[in-house]
Amino acid sequence: MEEEKILKIGGKGFWAIRPRGDRRLRFTTFGGLDLFPFFRQGPRVRGGWVLKLFSGKDHGGYGFFLILTVVGLGSTFEIGTTNKYSYETTVAVTEKCGLDSESPVGHSLKANVHITGVWKSPQNDLKKLLKIEILKPKLSVSTKSGLSEHRSELNKLSSSASYVLWEDGVPKKIWDDPAEHYTLRNLKRGIVSFLQHRRKDQDTRETDVSGECDVIYKIEGNSIRRRKGNCIHSKFDKSLSQGNGIRSASTVHQSTTDCEWKDGKISKCKSTEYVKLYSNAWHRPSLCVDERSGLALDDTGKDANIFQNEDLESVIEELKKSQAGLEAGILETVLVMNEEKPKKRQLKPTITRLQKDLATENLATVSSVKAFYKLLPIIRTSSAEEILQVLKNDKFEDVMPQILDLVAACATKNCLKAAFEFFDDETEYNALLERFIVSLSILPRPSADFIKQLRDFLEKDRGDLVESSVLMTLGTILKTYAQNPAVADLKVIEDTRIYLEEGLKKCDPESEFCTLNYLRSLRNAALPRSARVFLEYAVKGGKDALEAVLGLKNIPIHLLPPENQPELLKVFHQIGAFQDRSTRAFAAELLLKQHPNRGVLKSILKALSNDDDIEFAAFLASKIDHLMSLDPKLRKSIADILSDKDINYYLTLAQKGQSSLFRRHMVSVEGTNVTYGLEMEMLEGGMLKRTVFDVSFENAAGDQSLLSVGLFASGLGSVAGQSSETEEEEDSNPTAGMNLGFLDSYLRPYVFFRSTSELMGHAWSGTASEQTPVLQCILSFSDDEKVVVLSNGMIVRGQLRGVLSADSSASAKISLWNRNSKSLVKSDASLLVRGVVTLDAGFVVTQGTIQFSGESGIDFKVDLDFYESPFTTCLQMEHPDVTVKSDVFRSVKIPATDYELKRTKRKTISIPGRSFAFNEKNDEMCQTLNSET
């Protein structure tokens, strides 16, 4: 940059230099005078032209000549001149962003930097080749008294010159020696970023040491402010990252660089920057990497080794004669991911040592998730032969289900190869196989290859239950894969969708489960292009219709085309086929979410005043009320209609039935809301038809169902002594069971009984009164990795690993003598999440670790008294006291020395146990049952 100010007081004027390429300068006021300027170009000078500025109000020699502050790029970094700088960069890991927020743990580098112009294009003065050298680098590390210089491998490293092609303020290309240490190469790339600037304010996207970034430039006189964020490094393996969501990690990266230019060169630069890593499931604790860098001009000198009147290719060839290893490279940092070398630990002995912690009785405890966490990196480096030997080892029979969870979470080619070989001959139901398949469904970042392996596994004839579980998992995995656009292959997604839809078409109409299995798989996949298939089955009615509308409900509402509304209206009004009341209610919900026209709204509201089915009307009213509380637009539309004469306001809102729906707040912790909800559908007379209880996470990253427990029953009227006229089901056989969803993966239904004989067998033998496991597993909750490159070229590697251990069981005590039943669903879980940020420069490693862990549980009880009509049903839910432990560890160490500094911070959060209120009608029935007891 150059600045010239020539004030001609007598003539009341200024002379101005305008950079080449600029055509006009505009000013509306100057010194309090209103100006209507026009410009007359004067003589050409170095770096621009002289302009004379006249006032439109002046006609008699009263003129202004302007000298303007400009960016004179043509005179920057003169050829043969060496600009000598002092450079310092400091990084630290903190819990809260800001180097001054707490005792810092990190390191600092100081060096001398020389920047020399060695070549200028004969055709373009703005195109130059700059030589960048780092001299006398020194390392300082954190101590109890502050930063202190320390010996390291840096003292032994040699640095060679790098060359950057710099054109019109933008670095284009770099040449350096790949044999040089990557940290020194990257530091020079960071210095190159200081040279990157524009001549005017602008927002742009450009590439520098951090990758391709969003950049905002602000120019004020000789100062240039450059702010960047949202950087993506082209060499980072995106398959290591999860798709966005509650279970993934988030990083926030902001960088601000301020540079001042004087006499055609940078006089000083300073950079402040931070990178924040946290789990989306729990925002605190978090980790922050703070960076500050400075470049200050000390002196200038001369360098005789310059090139004139030559093309760039010839210059580079000439430079290679003295630096044989010189190679062209990208401006982005050289991405080196140093993997921590684990201690030599073999899989089999480690499992033996941790076998007690992996035992089934320790599921849903912190000890089980810690053992699993320790084993995961070991099995990922094991061969397929080692894994297969463990699977076939009889000594591990008691913990084999948990070992299969580990193999599923591992998800490497070796793990999957060993597992599918182990189960290759299984064609009938096998509890271990189902356990493995269920664990696979929760994988955080499945690959296209894994989807292909699941499809191949289905090619062999499997039993109905095995096929059902694999199909459900395939659908869930497809959804998870599709939600990660950075790695998802659209062809794989489309091929798998067609595979499932073709399988649905091939189902034998006489098969009891085939159609349901494929519909459930497509429901888990939640692909918008399957909406037409769901509608096709929804209008047919029956059990398939309910699964079809649930599939539509699983697709984001904004991706459902509005032209589907006529078919949904047919389902709601039972045009063409009888529909289950649950199916009708979900169809109405989908219609309402799409903001239908006034006529459709009125037709739905009129159903609320139907006395022929008071329980359906009550459930529909609850659903409408809930949707109105979330959607102001819908609330206004319905409020406008309620005033119509043909809509009975009182009958519409006042319902007699016991069916209901609601969602309430459970707890808020560190940016995450946990809510619980209940849907309860009753039959006339008080018999429970269907109830669904769920717990969900909600925060800025999205929302996700953590647990969904659904109980369903049909055909129980005759057993309870109730008239069959109140039953709406076509199948008179007594049936009851449970639907379980876990982390948005819906598992195949667990059926308690399908006939009167099975029901009587359970009642008289008491086999259902003991807690029966429904879902037991240890799962990979999070498996995410991020990379952010700082402006100084140092690499911040963020990793988030989470393990969830779950134990869900159910029991039902039935007394035909007392004509009552008591059901209990227990869901216990433990969670361990650990996040690590690492800055590994090779000769120094700065690291931070956050960890939180805890145990919890939810008991869901359903008591039913069917001694006399109307029956009494009481639903209760409670959870015990919860203790969450969070830890923050920070350290810096110098390899090959005895230096290491560690800092630890621990915190405990207590959440008291509580019982959760449902609706008023439920509370009244619970009081009635408790008083009778």
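Derivation of every value follows stated rules applied to the coordinates shown; laboratory data play no part. Values in this document were obtained by computation on a predicted structure and should not be read as measured data. Note: ideal-geometry Cβ built from the backbone for every residue, glycine included; neighbour counts use all protein chains shown.
Observations on the model:
- Acute angle (nearest 10 degrees) that the helix 431-440 long axis makes with the longest principal axis of the chain, alpha-carbon atoms: 40 degrees
- Shape annotation for segment 505-645: C-alpha extents along the principal axes are 50, 33, 21 Å, from largest to smallest.
- Where Rh is the Kirkwood radius over Cα pairs, Rg/Rh for segment 83-176: 1.12
- Compared with the direct C-alpha span, the chain from residue 158 to residue 629 gains 162.9 nm at full extension, assuming 0.36 nm per residue.
- Ranked list, fewest to most other Cβ atoms within 10 Å of each Cβ, for 97, 231, 288: 97, 288, 231
- C-alpha long axis of helix 490-505 to longest principal axis of the chain, angle in °: 10 degrees
- Relative contact order %, the chain, counting alpha carbon pairs below 8 Å whose residues are six or more apart: 10 percent
- 3J(HN,Hα) couplings calculated from phi for segment 636-643 with the Karplus curve 6.51 cos²θ - 1.76 cosθ + 1.60 (θ = phi - 60°) are, in sequence order, 5, 4, 6, 4, 5, 6, 4, 7 Hz; Gly and Pro show x.
- Shape call, segment 394-542: gyration tensor on alpha carbons, a/c limit 1.5: oblate
- Solitary cysteines of the chain, where the nearest other Cys Cβ is not under 4.7 Å: 777
- Working ranking of peptides 793-800, 921-928 by packing, defined as the average number of other Cβ atoms within 10 Å per residue, highest first, is 793-800, 921-928.
- Rounded to the nearest 20, the size of the Cβ-charge dipole of the chain about its Cα centre is 5100 debye, with Lys and Arg at +1 and Asp and Glu at -1.
- Theoretical FRET efficiency, 1/(1+(r/R0)^6), r = Cβ-Cβ of residue 698 and residue 263, R0 51 Å, to 0.05: 0.35
- Whole-percent pair-distance distribution, where bins are 10 Å wide, for the alpha carbons of segment 663-703: 27, 37, 21, 12, 2
- Relative exposure of 558, 879, judged by other C-beta atoms within 10 Å (fewest first): 558, 879
- Computed over the alpha carbons of segment 333-406, Rg followed by Dmax gives 14.1, 50 Å.
- The fraction of all Cα pairs in segment 123-162 landing in successive 10 Å bins from 0 to the largest distance is 23, 31, 22, 14, 9, 1, given as whole percents.
- Only Cα pairs under 8 Å and 6+ residues apart enter the sum, and on that basis the relative contact order of segment 275-429 stands at 15 percent.
- Ranking 230, 858, 776 by Cα position along the charge dipole of the chain, where only Lys, Arg, Asp and Glu carry charges on their C-beta atoms, puts 230 farthest toward the positive end.
- When Rg and the Kirkwood Rh are both derived from Cα coordinates, the Rg/Rh ratio for segment 416-468 amounts to 0.93.
- Least to most buried among 523, 635, 189 (fewest other Cβ within 10 Å first): 635, 523, 189
- Using θ = phi - 60° in the Karplus curve 6.51 cos²θ - 1.76 cosθ + 1.60, the 3J(HN,Hα) couplings for segment 791-798 round to 5, 8, x, 7, 9, 9, 9, x Hz; x is entered for Gly and Pro.
- Segment 92-152: trypsin sites (Lys or Arg not before Pro) in DSSP loop, at most 16 other beta carbons within 10 Å: 96, 144, 151
- Computed from label points 7 Å out along Cα-Cβ, the spacing between residue 813 and residue 239 is 5.3 nm.
- Applying 1/(1 + (r/R0)^6) with R0 = 41 Å to the Cβ-Cβ distance of residue 300 and residue 486 gives a FRET efficiency near 0.35.
- Between the entries [x] 32.6; [y] 38.4; [z] 31.1, the label attached to Kirkwood radius over Cα pairs in Å calculated for this structure is [x].
- In Hz, Karplus ³J(HN,Hα) per residue of segment 284-290 (6.51, -1.76, 1.60; θ = phi - 60°; x = Gly, Pro): 10, x, 10, 10, 10, 10, 9
- Segment 333-469: radius of gyration and largest Cα-Cα distance (Dmax), Å: 15.7, 53
- Local net charge near residue 848, Cβ-Cβ under 10 Å (Lys/Arg +1, Asp/Glu -1): +1
- Taking 0.692 mPa s as the viscosity and 37 °C as the temperature, the Stokes-Einstein diffusion coefficient of segment 792-927 based on its alpha-carbon Kirkwood radius rounds to 169 µm²/s.
- Taking a ≥ b ≥ c as the square roots of the eigenvalues of the Cα gyration tensor, an a/c ratio of 1.5 or more together with a/b larger than b/c marks segment 150-232 as prolate.
- Spin-label model distance (nm) - residue 348 vs residue 201, 7 Å beyond Cα toward Cβ: 7.1 nm
- Within the shell defined by Cβ-Cβ distances under 14 Å, the residues around residue 618 carry a net charge of -2, with Lys and Arg each +1 and Asp and Glu each -1.
- Extension reserve of the residue 907-residue 893 stretch, reckoned as 0.36 nm per residue once the Cα distance is removed: 2.6 nm
- Axis angle, to the nearest 10 degrees, between helix 756-765 and the longest C-alpha principal axis of the chain: 90 degrees.
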